[in-house]
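The values are calculated or read from the model by the stated rules, or taken from the named source; none is laboratory data. In this text the structure is predicted, and so the values were computed from the model without any measurement. Ideal geometry is used to build each Cβ from the backbone, glycine not excepted, and the neighbour counts take in all protein chains shown. Surface accessibility is based on the protein's heavy atoms, side chains included, excluding ligands, DNA and RNA. Shrake-Rupley method; radii C 1.70, N 1.55, O 1.52, S 1.80 Å.
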Amino acid sequence: MAKKLTPRSEDYSKWYNEIVVDADLAQHSDVKGCMIIKPYGYAIWERMKDVLDGMFKETGHMNAYFPLFIPKSYLSKEAAHVEGFAKECAVVTHYRLMNDPNGKGLIVDPKAKLEEELIVRPTSETIIWNTYRKWIQSYRDLPLLINQWANVVRWEMRTRLFLRTTEFLWQEGHTAHATEQEAQEETRRMLDIYAKFTEGWMAMPVIKGDKTESERFAGAESTLCIEARMQDGKALQAGTSHFLGQNFAKAFDVKFATKEGKQELVWATSWGVSTRLMGALVMTHSDDAGLVLPPKLAPIEVVIVPIYKGQEQMDEIVDRCREIETELRAAGIRVKLDADDSKRSGWKFAEYELKGVPIRLAVGPRDLANNSCELARRDTRTKSFESLDGIAPHVRTLLDTIQSDLFSTAQDRMVKNTVHVDTWEEFQAAINDEMFVLAHWDGTSETEDLISDETKASIRCLPFDGDLTPGVCVKTGNPSARRVLFAKSY
RNA sequence: CGGGGCGUGGCCCAGCCCGGUUAAGGCGCCUGGUUUGGGACCAGGAGAUCGCAGGUUCGAAUCCUGCCGCCCCGACCA
């Protein structure tokens, strides 16, 4: 290969940056922390979006769209929320530019100052709850189940392609319920949908659990999350679902009349996943040769590469490839025939490997004679020769196999690298080895901070499926109700 | 906000210390030809306010001053 990625073992984050750029997922824009999502990357995001959108709709949610700009005053209504977001908000102060009277270029027109500054949304709770106040009067208006696909801006100090960009794309669900229980159920339902998506489509195993108080969303009563393990051992928060209690209802005075005619505050949830999932996808499966995509999300599941010498052979082979293309497409497989004569087959092999296309199907003169083709798996990098009779069902089966193999490989890796430890020495060693560590913790933020200061590991979550036997805290020796998950994280 | 790096055709970059008149090379692009089972080759061609602003000088990509921007590593956060 001419273009080589930095191997993961040498510099994992360099590898990550190169793969994102070289596989044509995204590039840096000229604005710090912002990225251009390229067509190939966006196609993957669109698939994620379509699948998730379908899941939301199946569970009774509808899409809506709220404005990008939020009056500054809205943000200050919920105390914890301000605390969490105020320091990373982009603020619009003016609405007009003018020619610089002293020279060339444009300046902000000082006469065009806004009376009240506008915040570019870092999340939409405030504008949505300000709106819900007008929408909700009666228990008959509940539950209100809304999702929106949007961009948000958080002025982070340190950014990384897909994992933490200044502007990012996401969906944010915002629901209102008559009872606490219903809202709690919704919070959990949506987390389960996220896990179903990441495991079933992204082939990325996750650990579901509760966040500790210090890791909670600003303004939430509880935050549920899914945590994934990247190949370098770091945890990545892949999605969150928040039970907001009545905090936003109180802040924005959202009440409804019960059957009995009483006025009560509504119960709320919000939940979201973002283009960060793209980063998660890259870091879960890809290798030193490039991207590896799970078939269910791959924009191209199968690429057909014709191999030939001379014009006459080319015509014959490309014709045969077109037949195969038609057959695969009829079977519902996303297929691309690359008959571009200006690129040689070797170039195409390397290119589609870099881009993570799950299966490559090559047809050359020998295959034409034998009615066969070469099938190459991207994930295992193995090749086999197959008859072209019944190729579509065969490819379908192979795609399914790849999808499930990717999941089990990732899951095995996570299981193998998850350990129970009971002493502080073991704990430090395990964290040093980039493990997921299940250990006892005394339940205090002080201890959580102490551990994080000393080891860089944080509590990723209190896993739902965790070990609930009591013990003693690995750091302080104080009583602990259960084991929690520690890891270094992104 | 600290530490490091970088700004030169679309992309990667040499040249800068030690100033000198056509700014080198590779990739890509265009034209023609030969090629094609793992990133082909030949020939020709187009394409550059050397990040910006000042200064020194006969002469600045190169030296000096100031500024701007981005990337990477930390601290902080999804």
Scanning region A:465-483 residue by residue, those within 18 Å of A:E227 (Cβ to Cβ) and surrounded by 15 or more Cβ atoms within 10 Å (Cβ to Cβ) turn out to be A:G466, A:R482, A:R483
Assess whether A:F168 counts as being within 15 Å of RNA strand B (Cβ to nearest atom) and either modelled with pLDDT under 95 or open to solvent by 10 Å² or more (accessible area, probe 1.4 Å) (or both).
-> yes
Checking A:S76 against (1) among the small types (G, A, S); (2) within 14 Å of RNA strand B (Cβ to nearest atom); (3) open to solvent by 50 Å² or more (accessible area, probe 1.4 Å), which test does it fail?
-> (2)
What do you reckon, is A:I70 touching a strand residue (DSSP E or B) at 6+ places or on another chain (Cβ under 8 Å), more than 13 Å from RNA strand B (Cβ to nearest atom) and not in a helix (DSSP H, G or I)?
-> yes
A:P358 being closer than 30 Å to A:E18 by Cα and within 16 Å of RNA strand B (Cβ to nearest atom) | yes
Within region A:190-222, residues being among the hydroxyl-bearing types (S, T, Y) and within 17 Å of the chain's Cα centre (by Cα) number 2
Please go through region A:343-365 and pick out each residue that is among the basic types (K, R) and modelled with pLDDT of 95 or more.
-> A:K348, A:K355, A:R360
Only one of these is in contact (Cβ under 8 Å) with a residue 24 or more places away in the chain, within 11 Å of RNA strand B (Cβ to nearest atom) and buried (at least 22 other Cβ atoms within 10 Å of the Cβ): A:A228, A:A218, A:A238, A:A249. Name it.
-> A:A238
Considering every residue within region A:194-210, establish whether at least one is over 28 Å from A:S445 (Cβ atoms), within 12 Å of RNA strand B (Cβ to nearest atom) and in contact with a Phe, Trp or Tyr (Cβ under 7 Å, 6 or more places away or on another chain).
-> no
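The rows are residues; the columns are (1) within 16 Å of RNA strand B (Cβ to nearest atom); (2) at pLDDT 95 or above.
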| position | (1), (2) |
| --- | --- |
| A:A257 | no, yes |
| A:V282 | yes, yes |
| A:P294 | no, yes |
| A:K336 | yes, yes |
| A:D341 | yes, no |
